[in-house]
1. Along the Cα→Cβ direction, 7 angstrom out, place labels at residue 209 and residue 168. What is the inter-label distance in nm?
2. How far, in nm, would the chain grow between residue 60 and residue 281 when pulled straight, counting 0.36 nm per residue and subtracting the alpha carbon separation?
3. Points 7 angstrom from Cα along the Cβ direction at residue 159 and residue 290: gap in nanometres?
4. Provide 187, 263 in ascending order of the number of other Cβ atoms located within 10 Å of each residue's Cβ, fewest first.
5. In whole angstrom, how far apart do the alpha carbon centroids of segment 145-219 and segment 80-104 sit?
6. Which ordering of 170, 162, 88 is given by a fewest-first count of other beta-carbon atoms within 10 Å?
7. Residue 187 to residue 89: extension gain in nm, 0.36 nm per residue of separation minus the Cα-Cα distance?
8. Which value in Å is the Kirkwood Rh of segment 194-240 over different Cα pairs?
Amino acid sequence: MIEKKARKKEIGKGIRALLATVEQSPAVETRAEAQKELSSEINEIPLSQIEPNPFQPRQDWDPAELEELASSIKAMGIIQPVTLRALSAEVYQLISGERRFRASKLAGLESIPAYVRTAGDQEMLEMALVENIQRADLNAIEVAISYQRLIDECKLTHEGLSERVGKERSTITNYTRLLKLPPDIQHALRKGQISMGHARSLAGSTDLLKQRAAFRETVNKGWSVRQLEQFLKGKEVSAPGQKSSTPGMSAAMRDIERRLASHFGSRVQLEGQEGGKGKITISYGDDEDLNRILELLDI
């Protein structure tokens with residue numbers, strides 16, 4: 001928890017003073033060093049002086065989650081500062097932390113702790129996209145859009161992007177292929193009606209009529225990824241065979257089991273034990289299927 005009283009600075013004063021005394025200060029000999037020092041300081045910046053990030057890759061904001069975070073901020077304050085760039089002495093723009101910024105407004109805060117960095121539009125775009133890609137709460141389409149923007153606007157190859165974000169090239173390719181799906185399939189992926197595994201299989205289909213039929217059946221019948229792939233290959237779709245491992249499992253636990261199976265596109269079994277303990281078993285068909293599950297787990 002940040003000790004606000006110890007860290008809080010007069011608004012804008014510390015920033016302007018640091019930049020204004022670069023030449024006089026023996027400890028800070030160049031403007032580059034001053035900017036480096038400034039970017040490591042935590043400053044209290046008024047929310048009224050902060051503009052949203054125009055390069056923000058995230059498009060969906062859950063009102064309930066924002067309200068929950070706002071309640072936490074009211075009780076505990078801001079634990080992790082946002083990152084800003086200074087447009088002028090009294091105007092800042094978000095690089096990362098828009099969820100905290102929005103929730104702070106809901107919480108009624110007047111200022112927020114922040115790191116202030118110097119960045120041009122191109123550098124800011126890349127920083128914002130790369131930092132946001134690392135977040136766990138972006139949906140697959142938002143990640144795909146971010147990857148594609150880095151490729152197109154920052155002139156990165158798939159290999160270069162793979163190094164920047166710490167992902168395999170095949171992962172980059174799998175995500176960007178999702179953008180070739182029809183809008184309604186992309187929308188279903190955004191809303192969790194189909195999983196990443198479903199979307200990958202659909203994106204690999206060159207028969208658009210079969211793709212659309214497979215999508216409808218998947219949504220209407222709750223097909224697993226394996227059932228979807230069987231249909232796309234022209235094979236008979238087998239019964240799901242999804243049975244609970246534990247006799248007498250509650251409806252709530254069966255629902256969790258079903259949702260996990262849908263998320264991973266594989267058979268999932270929950271096994272309850274005494275004392276509330278248990279284990280989760282995720283089945284996979286081959287090495288490629290295992291890699292797909294590992295990607296979903298972000299391992």
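Each value in this text was obtained by applying a stated rule to the coordinates, not by laboratory testing. Predicted, not measured: the structure shown is a model, and the values here were computed from it. Every residue, glycine as well, gets a Cβ built from its backbone with ideal geometry; the counts of neighbours run over all protein chains shown.
1. So the label points at residue 209 and residue 168 sit 3.5 nm apart.
2. On the way: separation 221, 0.36 × 221 = 79.56 nm, distance 3.14 nm.
Between residue 60 and residue 281, full extension yields an extra 76.4 nm.
3. 2.8
4. Listing 187, 263 from fewest to most nearby Cβ atoms yields 187, 263.
5. 30
6. Ascending Cβ contact count within 10 Å gives the list 88, 170, 162.
7. Gain on stretching residue 187 to residue 89: 31.2 nm.
8. Values: mean 1/r = 0.0974 Å⁻¹.
Hydrodynamic radius (Kirkwood, Cα only) of segment 194-240 equals 10.3 Å.
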